[in-house]
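The values are calculated or read from the model by the stated rules, or taken from the named source; none is laboratory data. Fair warning: this is a prediction, and the values are worked out from it, not measured in the lab. Heads up, the Cβs are rebuilt from the backbone with ideal geometry, glycines too, and the neighbour counts pull from every protein chain shown. Surface accessibility is based on the protein's heavy atoms, side chains included, excluding ligands, DNA and RNA. Shrake-Rupley method; radii C 1.70, N 1.55, O 1.52, S 1.80 Å.
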Amino acid sequence: MSARPGHGSDAARIVVLGGGFGGVMATRQLERMHPGGRQLEITLVSRDNFFVLTPLLFEACSGTLELRHCAQPIRPALRRARFVEATVERVDPERRVVHAVAPDGATYELPYDQLVVALGAATNQSLIPGSRSALTFKTMADALVLRNHLIERFERADAATDPAVRHTSLTVVIVGGGLVGVELLGELTAFADDVLRYYPRIRRDEVRFHLFEAGARILPEVDRDLAVAATGVLRGRGADIRATTPVLAIEPGCVRLASETIDADTVVLAAGIVPNPAVAQIPVEHDRRGRIAVDATMRSLSHPDVWALGDCAAIPGPDGHPYPALAQHAVREARHVARNVAAVIERRMPAPFAFRALGTMASLGHSRAVAQVFGARITGFFAWWLRRTYYLFQMPRWDRRLRIVLDWTVALFFRPDITKVDLAVEQDQVRRNRAAGMSTPSLPGRG
Ligand SMILES: Cc1cc2nc3c(=O)[nH]c(=O)nc-3n(C[C@H](O)[C@H](O)[C@H](O)COP(=O)(O)OP(=O)(O)OC[C@H]3O[C@@H](n4cnc5c(N)ncnc54)[C@H](O)[C@@H]3O)c2cc1C
């Protein structure tokens, strides 16, 4: 199917790939622009019809926040851009066409004059042998799967009498001590503290949390003192945190270190990211880490009508080093790339992007966080409040913000919900329907 709806002769066609921080913010900014009085015909293509505010994923996993409330449907966030829910399969830069496929198998050919790529990243599963047997924590489906898995382990341990089964069921290993690994550890330790009163046969000291980091220290994103403070808070909850401890292999039910093997039913891989695999399929110049190579204006080095931003792009900063893969950067890059695309449509020169990070904040659960903001170091409740407030206002619409505030208010008075949504039966049905050639809805899986 070829898609060129309402293509006016003068309209410049802009296709944006990816409905995350970069793609949605770029599209919203483009909607406001009329370069040289020209109409822009904007199409946003994304695999999911929602945008995930990833810093809220931790609370969505623990149940402090209703899962859907860490996301925003894309359609209501757009004013006039067209949205196509489809997976990008291929880009043909010579014909200037994007090939995408919808969940039901329908295919789309989307022609463009300017292409903006914001397809994000995936968990790096090539560093540690056996990584595919670990859980990941990147998408809303990942948060749901991990939540169900943990509750399931508590249920099994509560019923088990074999000490070995109880031990493995109640051991959680997080591989990677960056922002995501540490924030996840913080939220899960708080979750265990809060829900164990429902499992009277499990003692809190039977639930073991380990975090292994190959580098010299955890939280390299913040300064050393804050990393030490975060380590103290988490060790106070009984977590075993070890730096300079590379995981050598992950196997179903265990993690191998140089000197010991840890038996664990829950292993979450948070040891770095790689550009989304779809990015490798786009035949433009890439850097050696597989990101799209762009100049400081975010324009592809090899194809001037292709732009890239966010986690899938290597955008050189003023010091020549690429900007980090962070949401605060992706949002600013998005606004800037929209202005640059409009500039070239008007035959003006695009401007280089320059941004200095405002700071970094890491939540530790139980109303605690560490933050480094405008050079100041903040810890404890105030850091946690600041982080929550900041990300609340990153959510694009007020209706969603209100739902989040309501969830947070309820969570002040009640313990987290331990309802487990087990989709095994439904997934089986979907598989059988697919084998029989019937159309089926998609169910959450590992992203
Ligand atoms: C759990 C977690 C917590 C984080 N916390 C923070 C934080 O506190 N602060 C911070 O600054 N950063 C944080 N980050 C990093 C931040 O989320 C990313 O840097 C940011 O999302 C990058 O934006 P992006 O637009 O490049 O990619 P994304 O936001 O990942 O968006 C990519 C989009 O592309 C879509 N997509 C992927 N493949 C395809 C395809 N083949 N076809 C169609 N669509 C596709 C995806 O569905 C998604 O909508 C966190 C990340 C995670 C995982």
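Take residue 28 and tell me if it is more than 13 Å from the ligand (Cβ to nearest atom) and of a type in the set (Lys, Arg).
Working: more than 13 Å from the ligand (Cβ to nearest atom): no; of a type in the set (Lys, Arg): yes.
No; evaluated as a whole, the condition is false for this residue.
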Item to check | Whichever residue in region 32-46 is open to solvent by less than 10 Å² (accessible area, probe 1.4 Å) and out of contact with any Asp or Glu (no Cβ under 7 Å at 6 or more places or on another chain) and, among such residues, is farthest from residue 341 (Cα to Cα) | outcome: 45
Checklist entry - Inside region 213-228, can you point out the residues that are surrounded by fewer than 19 Cβ atoms within 10 Å (Cβ to Cβ) and in a helix (DSSP H, G or I)? => result 224, 225, 228
Item to check | Output for region 358-399, where each listed residue is in a helix (DSSP H, G or I) and aliphatic (A, V, I, L, M) | outcome: 383, 386, 392
Next on the checklist: With the requirement that a residue be in contact with a strand residue (DSSP E or B) (Cβ under 9 Å, 6 or more places away or on another chain) and either surrounded by fewer than 18 Cβ atoms within 10 Å (Cβ to Cβ) or part of a loop (DSSP other than H, G, I, E, B) (or both), what does region 229-250 give you?
Outcome noted: 235, 237, 238, 239, 240, 242, 243, 245, 246, 247, 248, 249
Next on the checklist: Here's a check for you: in region 345-370, which residue that is touching a Pro at 6+ places or on another chain (Cβ under 6 Å) and farther than 26 Å from residue 386 by Cα is most open to solvent (accessible area, probe 1.4 Å)?
Outcome noted: 346
Checklist outcome for this item: Cβ pairs under 6 Å, 6+ apart or interchain, first in region 91-112 and small (Gly, Ala, Ser), second part of a strand (DSSP E or B) and buried (at least 17 other Cβ atoms within 10 Å of the Cβ), ordered by first then second residue, are 100/45; 100/88; 100/108
Checklist entry - Just a yes or no: is a residue in region 47-66 surrounded by fewer than 17 Cβ atoms within 10 Å (Cβ to Cβ) and within 10 Å of the ligand (Cβ to nearest atom)? => result yes
Next on the checklist: I need a count of the residues in region 101-140 that are open to solvent by less than 20 Å² (accessible area, probe 1.4 Å) and in a helix (DSSP H, G or I).
Outcome noted: 1
Checklist outcome for this item: residue 191 meets each of (1) part of a helix (DSSP H, G or I); (2) open to solvent by 30 Å² or more (accessible area, probe 1.4 Å); (3) touching a residue at least 60 places away in the same chain (Cβ under 8 Å) with one exception, condition (2)
Checklist entry - Got a number for residues in region 329-344 being touching a Ser or Thr at 6+ places or on another chain (Cβ under 9 Å), open to solvent by 10 Å² or more (accessible area, probe 1.4 Å) and within 13 Å of the ligand (Cβ to nearest atom)? => result 0
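Do the conditions hold for residue 77, that is, is it open to solvent by less than 50 Å² (accessible area, probe 1.4 Å) and modelled with pLDDT of 95 or more? Before the answer, list the steps.
Numbers: open to solvent by less than 50 Å² (accessible area, probe 1.4 Å): yes; modelled with pLDDT of 95 or more: no.
Against the criterion (open to solvent by less than 50 Å² (accessible area, probe 1.4 Å) and modelled with pLDDT of 95 or more), residue 77 does not qualify.
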Next on the checklist: Based on this model, can you work out whether residue 168 counts as open to solvent by 10 Å² or more (accessible area, probe 1.4 Å), closer than 21 Å to residue 254 by Cα, outside any helix (DSSP H, G or I) and not aliphatic (A, V, I, L, M)?
Outcome noted: no
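I'm checking my understanding of the structure. Among residues of region 370-399 that are within 16 Å of the ligand (Cβ to nearest atom) and charged (D, E, K, R), which one is farthest from residue 223 (Cα to Cα)? Spell out the reasoning first.
Keep residues of region 370-399 that are within 16 Å of the ligand (Cβ to nearest atom), which gives 370-374, 378, 383-396.
Now drop any that are not charged (D, E, K, R), which leaves 387-388.
Details: 387: 17, 388: 21 Å.
The selected residue is 388.
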Checklist entry - Has region 308-328 got any residue that is surrounded by fewer than 21 Cβ atoms within 10 Å (Cβ to Cβ), away from the ligand (no atom under 16 Å from the Cβ) and aliphatic (A, V, I, L, M)? => result no
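When the residues of region 69-88 are narrowed to those that are in a strand (DSSP E or B) and more than 20 Å from the chain's Cα centre (by Cα), which ends up nearest to the ligand (Cβ to nearest atom)? It would help to see each step written out before you state the result.
Start the filter on region 69-88 by keeping residues that are in a strand (DSSP E or B), which leaves 71-73, 82-85, 87-88.
Restricting the remaining residues to those that are more than 20 Å from the chain's Cα centre (by Cα) gives 82-84.
Working: 82: 15, 83: 11, 84: 9 Å.
Result: 84.
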